[in-house]
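Student: Below is the structure I would like to discuss, written out as structure tokens.
Read-outs throughout are calculated quantities, based only on the coordinates presented, and are distinct from any laboratory measurement. Remember, predicted model here, so these are calculated numbers, not experimental data. Glycine gets a Cβ as well: all are built from the backbone with ideal geometry, and neighbour counts include every protein chain shown.
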């Protein structure tokens with residue numbers, strides 16, 4: 001109990017309801033303009049994101065908590081997950097995490113219950129804040145709106161949630177298809193690997 005209480009205390013207050021809700025959700029629609037969502041991050045990417053402004057002892061615990069959340073993706077009956085993500089989020093991945101994170105997304109896309117659609121750089125989408133709409137078997141949909149410094153919020157007003165669901169579909173109309181999105185992610189990953197191999201070859205050829 002002490003361990004669970006400590007873990008709960010490390011999670012920002014506005015984020016705690018989402019962790020509970022996603023365990024029960026049968027469908028999660030995610031719009032993300034800034035980061036790879038925590039539910040889909042590699043351990044290396046999560047460590048990089050969470051390292052900003054944290055003490056090292058708390059960092060490893062938070063990374064562990066984030067990885068524990070991902071257990072729901074490997075359940076026998078995982079939720080449907082639909083992710084809309086800006087192309088810039090993937091292109092701007094730091095070199096040390098880019099290949100691994102791209103591979104993670106591509107592997108998840110092999111699951112028929114997981115979809116990624118990339119929003120091209122010129123997409124006419126101006127909603128600046130990431131959000132999620134979660135659907136359940138026996139209760140109304142709810143939404144989660146991201147906020148800075150842990151000040152996110154859960155939204156339960158049916159009209160607001162419905163508007164966000166519609167916005168998700170509108171944004172989706174600007175995205176690449178799932179197949180083309182996979183090609184975009186693959187090309188970004190391969191470009192990084194190509195550059196790394198060139199650097200390695202040049203280093204071997206340069207005189208010592």
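Student: Say each of residue 44 and residue 167 gets a label point 7 Å from the Cα, pointing the same way as Cα to Cβ; how far apart are those two points in nm?
Tutor: Calculated label separation equals 3.4 nm.
Student: Cut-off is 10 Å between beta-carbons; in what order do 180, 122 appear when sorted fewest neighbours first? Spell out each step's value before the answer.
Tutor: On the way: 180 13, 122 8.
Placing the least packed residue first, the sequence is 122, 180.
Student: Does segment 35-138 come out rounded, prolate or oblate by the C-alpha gyration tensor, with a ≥ b ≥ c the root eigenvalues, rounded set by a/c under 1.5 and, if not, prolate when a/b is larger than b/c and oblate if not? All intermediate terms of the calculation are to be shown ahead of the outcome.
Tutor: Details: a/c = 1.56, a/b = 1.10, b/c = 1.41.
The shape class here is oblate.
Student: For segment 11-80, what class follows from the C-alpha gyration tensor (a ≥ b ≥ c being the square roots of its eigenvalues): rounded when a/c is under 1.5, otherwise prolate if a/b is larger than b/c, else oblate?
Tutor: prolate
Student: Evaluate the distance, in nm, between pseudo-label points positioned 7 Å from the Cα of residue 34 and of residue 10 along their respective Cα→Cβ axes.
Tutor: Here the answer is 2.2 nm between the modelled labels.
Student: So if each residue of separation counts as 0.36 nm, and I subtract the Cα-Cα distance between residue 58 and residue 71, what length gain in nm does that give? The partial results should precede the final answer.
Tutor: Details: separation 13, 0.36 × 13 = 4.68 nm, distance 2.10 nm.
Separation in residues times 0.36 nm, less the Cα-Cα distance, equals 2.6 nm.
Student: Using a Förster distance of 41 angstrom, determine the FRET efficiency expected from the C-beta separation of residue 191 and residue 138, and round it to 0.05.
Tutor: Working: r = 46 Å, r/R0 = 1.12.
Between residue 191 and residue 138 the formula returns 0.35.
Student: May I ask for the Rg/Rh ratio of segment 87-185, computed from Cα atoms with Rh as the Kirkwood radius, given to two decimals? Mind showing how you got there, number by number?
Tutor: Details: Rg = 15.2 Å, Rh = 15.4 Å.
Using Cα coordinates only, the ratio equals 0.99.
Student: Quick one: if the Förster radius is 25 Å, what FRET efficiency do residue 27 and residue 121 give, using the C-beta to C-beta distance and rounding to 0.05? Display every interim value, and only then the final one.
Tutor: Working: r = 28 Å, r/R0 = 1.12.
Once the sixth-power term is evaluated, E becomes 0.35.
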